[in-house]
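The values are calculated or read from the model by the stated rules, or taken from the named source; none is laboratory data. None of these values were measured; they are calculated from a predicted model. Ideal geometry is used to build each Cβ from the backbone, glycine not excepted, and the neighbour counts take in all protein chains shown. Accessible surface areas use protein heavy atoms only, side chains included; no ligands, DNA or RNA. Shrake-Rupley method; radii C 1.70, N 1.55, O 1.52, S 1.80 Å.
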Amino acid sequence: MSRRPLIAIPSRFAATTSALRYAAVVTARALADAVYRAGGEPFLMHPVDAERAAERLAVADGLLLPGGGDLAPQSYGETVAHEAVYDVDAEQDAFDLAAAGHALATGLPTLAICRGLQVVNVLRGGRLRQHMEADHRHMVHPVTVRQGSLLAGITGERLVTASCYHHQCASGLGEGLTAVAHAVDGTVEAAELPEAAGWFLGVQWHPEDTAANDPVNQSLFDALVAASRHSG
């Protein structure tokens, strides 16, 4: 039996958890389950020591940049934070940006989800809308996929049902990023890097929310693991 590709998932800091006595470092089970169903081995990374992110990622076959709290507005050139900005963590930001930078530079297959897409956008010089009115929290809606895109090839669909939980979005895409899916209100729901060194897809929604029962959303994780299996 062949080895499962190691899919690195930077964990998230949590102030409290019901099962532990202290602040925790966590990963959503739905994410890990989706990677495992796809044939990958979830490799949960402690999101510290950003200077060594490249060295630490050397053992990984792929990278999944998950959702989480907001990036510091200063990271995309804004000095004043909207009152709705939450859970900013400088250490988390530094690690995610370093991990994304390493992956894009080396061609490490990468799936970026929600905050993950925002991290890549900021890394490439893009901007974020600090707060959307109305936001896309607790929302399940159709997104329109651009024909001929990587996303369209993966899902085989023109419309994808997306489970969203975000109050921020890209207000301007960074260098090389191309929008390949939109919500009805115009929000960029997916982006690709046509000139990337390796496989890359970013989505603003949370495919892990429905992947267990929705083959279309599970297909994003399947594609990441397949690309990671052949990246070496």
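General observations
- Residue match in region 96-109 (condition: in a strand (DSSP E or B), within 25 Å of L150 (Cβ to Cβ) and either touching a residue at least 60 places away in the same chain (Cβ under 8 Å) or in contact with a strand residue (DSSP E or B) (Cβ under 7 Å, 6 or more places away or on another chain) (or both)): no
- All of V119, V160 fail the test of being open to solvent by less than 10 Å² (accessible area, probe 1.4 Å), in contact with an Asp or Glu (Cβ under 7 Å, 6 or more places away or on another chain) and touching a residue at least 24 places away in the same chain (Cβ under 8 Å), apart from V119.
- Region 176-196, subset open to solvent by 40 Å² or more (accessible area, probe 1.4 Å) and outside any strand (DSSP E or B), residue modelled with the lowest pLDDT: E195
- Here T16 does not qualify as among the polar types (S, T, N, Q), closer than 18 Å to A170 by Cα and loosely packed, with under 15 Cβ neighbours inside 10 Å.
- Search result, residues across region 50-75 that are more than 14 Å from H102 (Cα to Cα) and either in a strand (DSSP E or B) or open to solvent by 10 Å² or more (accessible area, probe 1.4 Å) (or both): G67, G68, G69, A72, Q74, S75
- Residue within region 97-108 that is of a type outside the set (A, V, I, L, M, F, W, C), within 16 Å of the chain's Cα centre (by Cα) and buried (at least 22 other Cβ atoms within 10 Å of the Cβ) present: no
- Number of positions in region 197-219 that are open to solvent by less than 30 Å² (accessible area, probe 1.4 Å), of a type in the set (A, V, I, L, M) and not in a loop (DSSP other than H, G, I, E, B): 2
- With respect to (1) open to solvent by 80 Å² or more (accessible area, probe 1.4 Å); (2) at pLDDT below 95; (3) assigned to a strand (DSSP E or B), the lone exception for R137 is condition (1).
- Restricting the first member to region 182-197 and to residues that are among the small types (G, A, S), and the second to residues that are assigned to a loop (DSSP other than H, G, I, E, B), the beta-carbon pairs closer than 7 Å and six or more apart or on different chains are A190/Q204; A191/L173; A191/L177; A197/G107.
- Flag if L173 is open to solvent by 30 Å² or more (accessible area, probe 1.4 Å) and either out of contact with any Phe, Trp or Tyr (no Cβ under 9 Å at 6 or more places or on another chain) or among the β-branched types (V, I, T) (or both): yes
- Residue in region 59-77 that is touching a helix residue (DSSP H, G or I) at 6+ places or on another chain (Cβ under 7 Å) and either aromatic (F, W, Y) or without any contact (Cβ under 8 Å) to a residue 24 or more places away in the chain (or both) present: yes
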